[in-house]
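Worksheet: the structure to be examined is printed underneath.
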Amino acid sequence: MKTLGFVMLAALAVSSAQAQTQPLSPSQSLAPVPASPSAIRLDPPLAPPANAIAAVTPLTALPSSEKARENPAVQYLLMKTVVAKSIGVLKTRALPVEAGGYNLLKYCWTPYNVLGEWGDSSGLVGEMTVRALETLSWSRDLGRAGYPEAPVAEAIGRYEAALVAAAFTDAARTRALEALRVELEALQRRTPGSSEIVARPRCNQQPASFALNVATAPEGGRPRFIPYVLHQFCLAQQLDPADAVRCDYWKSAKADAPMSFAGETVYSVNWPENVVTTGRFNPDEMRGVGTVTLRQRPQKK
């Protein structure tokens, strides 16, 4: 299965690069974040993605994080597909090629600034999320920097396979990044007009998440949260994302303390008398007030 997974990684690198330039049909959509989402939305249940990999993934009793550890090659493919169709639209906006060449370390994503409060607890899945963002950006950027698509996809596929084989450790990433840099340098010498390749550290691990207080209106609601990308990952795994045991990334609001959010977030609020309100919000739109207020949906009469 690992060997098959590595072959699939290389193939996915090509399809992911194409996904950046081709519009998605409605049947392919994972309900991507709209360009200007409202601050707080009350959503109907989100439909499972039409995902070929998910369709052949057997249903098991394992929670999401354990499924990721059990078969990281296939689960990384799922994550990369989810990222490309959800947060990748917002997070992978291209930065210009610098005068000194294309810097493989130009983006500063970490589990902390992509997932906020979930940076520590997301573990392997958090690393998969960050590397999916990274490789999707490389595929797009290197094409714009004059590199041929197929050799780049193969090189990135080998980088990803090395990470999967070593459980996405920092040491494995350092080795794989150097191997990728060398491979891309050789490709650059064979590709007239392409940009030079460098791997120049430029990040100070600056956080992109920020803390928000949580309130409910009326008082007495019990809110819980999950990053949108992890919610969609559970759907791709054919797990019920509302099940906090199987989709094991939900966090309850802290008592009298703010929570750190880093992007589109799904929420669920339990009210007295077994009433539940669900929806999504964009924490960027709460910066000015510093509080996300979740309101009970009026009951139908």
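The values are calculated or read from the model by the stated rules, or taken from the named source; none is laboratory data. What you are looking at is a predicted structure, and each value in this text was computed from that prediction instead of being measured. We place every Cβ from the backbone using ideal geometry, glycine too, and count neighbours over all the protein chains shown.
Give the residues of segment 250-260 that are under 20 Å from the mean Cα position of the chain (by Cα) and either farther than 14 Å from R224 by Cα or not in a loop (DSSP other than H, G, I, E, B) (or both), sorted by residue number. Quick ask: steps written out before the conclusion?
Kept after step one, since they are under 20 Å from the mean Cα position of the chain (by Cα), are these residues of segment 250-260: 250-251, 259-260.
K251, M259, S260, listed by residue number.
Scan segment 112-133 residue by residue and report those that are of a type outside the set (A, V, I, L, M) and either surrounded by fewer than 22 Cβ atoms within 10 Å (Cβ to Cβ) or not in a helix (DSSP H, G or I) (or both).
Of segment 112-133, the ones of a type outside the set (A, V, I, L, M) are 112-113, 116-123, 126-127, 129, 131.
Scanning segment 112-133 gives Y112, N113, E117, G119, D120, S121, S122, G123.
I'd like to know if segment 228-249 contains one or more residues that are in a strand (DSSP E or B), closer than 14 Å to V125 by Cβ and either among the acidic types (D, E) or at pLDDT 95 or above (or both).
Here is the first cut: in segment 228-249, the ones in a strand (DSSP E or B) are none.
No.
Does segment 177-193 include one or more residues that are surrounded by fewer than 19 Cβ atoms within 10 Å (Cβ to Cβ), in contact with a Gly (Cβ under 7 Å, 6 or more places away or on another chain) and modelled with pLDDT under 95? Talk me through it step by step, then tell me what you get.
Filtering segment 177-193 for residues surrounded by fewer than 19 Cβ atoms within 10 Å (Cβ to Cβ) gives 177-179, 181-183, 185-187, 189-193.
Adding the requirement that they be in contact with a Gly (Cβ under 7 Å, 6 or more places away or on another chain) leaves 191, 193.
Filter once more, keeping what is modelled with pLDDT under 95: 193.
Yes: one or more hits.
Could you tell me how many of the residues in segment 158-175 are under 22 Å from the mean Cα position of the chain (by Cα) and surrounded by fewer than 20 Cβ atoms within 10 Å (Cβ to Cβ)?
We begin by selecting, within segment 158-175, every residue under 22 Å from the mean Cα position of the chain (by Cα); these are 158-174.
Checking the rest, the ones that are also surrounded by fewer than 20 Cβ atoms within 10 Å (Cβ to Cβ) come to 158, 162, 165-167, 169-174.
Matching residues across segment 158-175 total 11.
Report, by residue number, each residue of segment 107-122 that is in contact with a Leu (Cβ under 8 Å, 6 or more places away or on another chain) and either closer than 17 Å to P258 by Cα or modelled with pLDDT under 90 (or both). Give the steps one after another, and end with the answer.
As a first pass, look at segment 107-122 and keep what is in contact with a Leu (Cβ under 8 Å, 6 or more places away or on another chain): 107, 109, 114-115, 118, 122.
Correct list: Y107, W109, L115, W118.
What tally of residues in segment 75-106 results from selecting those that are aliphatic (A, V, I, L, M) and either at pLDDT below 90 or in a loop (DSSP other than H, G, I, E, B) (or both)? Break it down stepwise before answering.
In the first step, residues of segment 75-106 are kept if they are aliphatic (A, V, I, L, M); the result is 77-79, 82-84, 87, 89-90, 94-95, 97, 99, 104-105.
Subset that is either at pLDDT below 90 or in a loop (DSSP other than H, G, I, E, B) (or both): 87, 89-90, 94-95, 97, 99, 104-105.
Total meeting the criteria: 9.
Scan segment 134-150 for residues that are outside any helix (DSSP H, G or I) and either polar (S, T, N, Q) or in contact with a Cys (Cβ under 6 Å, 6 or more places away or on another chain) (or both) and report the count.
At the first step, the residues of segment 134-150 found to be outside any helix (DSSP H, G or I) are 145-148.
Keeping just the survivors that are either polar (S, T, N, Q) or in contact with a Cys (Cβ under 6 Å, 6 or more places away or on another chain) (or both) gives none.
Residues flagged as outside any helix (DSSP H, G or I) and either polar (S, T, N, Q) or in contact with a Cys (Cβ under 6 Å, 6 or more places away or on another chain) (or both) within segment 134-150 amount to 0.
Identify all residues within segment 226-247 that are touching a residue at least 24 places away in the same chain (Cβ under 8 Å) and over 16 Å from the mean Cα position of the chain (by Cα); write none if there are none.
Across segment 226-247, the qualifying residues are Q238, L239, A242, V245, R246.
Listed here are the residues, each with its yes/no results for (1) under 23 Å from M128 (Cα atoms); (2) touching a residue at least 24 places away in the same chain (Cβ under 8 Å).
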site: R158; (1), (2): yes, yes
site: A172; (1), (2): yes, no
site: L177; (1), (2): yes, yes
site: L180; (1), (2): yes, yes
site: A186; (1), (2): no, no
site: R189; (1), (2): no, no
site: S195; (1), (2): no, yes
site: R202; (1), (2): yes, yes
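This table checks each residue for (1) surrounded by fewer than 22 Cβ atoms within 10 Å (Cβ to Cβ); (2) polar (S, T, N, Q); (3) in contact with a strand residue (DSSP E or B) (Cβ under 8 Å, 6 or more places away or on another chain); (4) closer than 19 Å to V292 by Cβ.
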| residue | (1), (2), (3), (4) |
| --- | --- |
| V245 | yes, no, no, no |
| S252 | yes, yes, yes, yes |
| F261 | no, no, yes, yes |
| N270 | yes, yes, yes, yes |
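Going residue by residue through segment 208-225, is there one that turns out to be closer than 30 Å to G100 by Cβ and outside any strand (DSSP E or B)?
Yes: segment 208-225 contains one or more residues that are closer than 30 Å to G100 by Cβ and outside any strand (DSSP E or B).
Quick grid of which residues meet (1) in contact with a Ser or Thr (Cβ under 9 Å, 6 or more places away or on another chain); (2) not in a loop (DSSP other than H, G, I, E, B):
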residue: V152; (1), (2): yes, yes
residue: A172; (1), (2): no, yes
residue: L177; (1), (2): no, yes
residue: L180; (1), (2): no, yes
residue: L187; (1), (2): yes, yes
residue: S194; (1), (2): no, no
residue: R200; (1), (2): no, no
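Can you confirm whether segment 166-186 contains a residue that is closer than 30 Å to T293 by Cα and not basic (K, R)? Break it down stepwise before answering.
So the first thing to find is which residues in segment 166-186 are closer than 30 Å to T293 by Cα, and the list is none.
The answer is no, given that none of the residues of segment 166-186 is closer than 30 Å to T293 by Cα and not basic (K, R).
Kindly list, by first and then second residue, each pair from a residue in segment 284-301 that is modelled with pLDDT of 90 or more and of a type outside the set (S, T, N, Q) to a residue that is in a strand (DSSP E or B) and loosely packed, with under 13 Cβ neighbours inside 10 Å, limited to pairs with Cβ atoms under 8 Å and residues at least 6 apart or on different chains.
Filtered contacts from segment 284-301: L294/A217; R295/A217.
Hey, does segment 198-208 have a residue that's crowded, with 21+ Cβ neighbours inside 10 Å and not aromatic (F, W, Y)? Give the steps one after another, and end with the answer.
Of all residues in segment 198-208, those crowded, with 21+ Cβ neighbours inside 10 Å come to none.
No, because not a single residue in segment 198-208 is crowded, with 21+ Cβ neighbours inside 10 Å and not aromatic (F, W, Y).
Against the definition (in contact with a strand residue (DSSP E or B) (Cβ under 7 Å, 6 or more places away or on another chain) and either among the hydrophobic types (A, V, I, L, M, F, W, C) or over 30 Å from C247 (Cβ atoms) (or both)), how does L230 come out, yes or no? Explain how you work it out, then say what you get.
Numbers: in contact with a strand residue (DSSP E or B) (Cβ under 7 Å, 6 or more places away or on another chain): no; either among the hydrophobic types (A, V, I, L, M, F, W, C) or over 30 Å from C247 (Cβ atoms) (or both): yes.
Criteria not met by L230.
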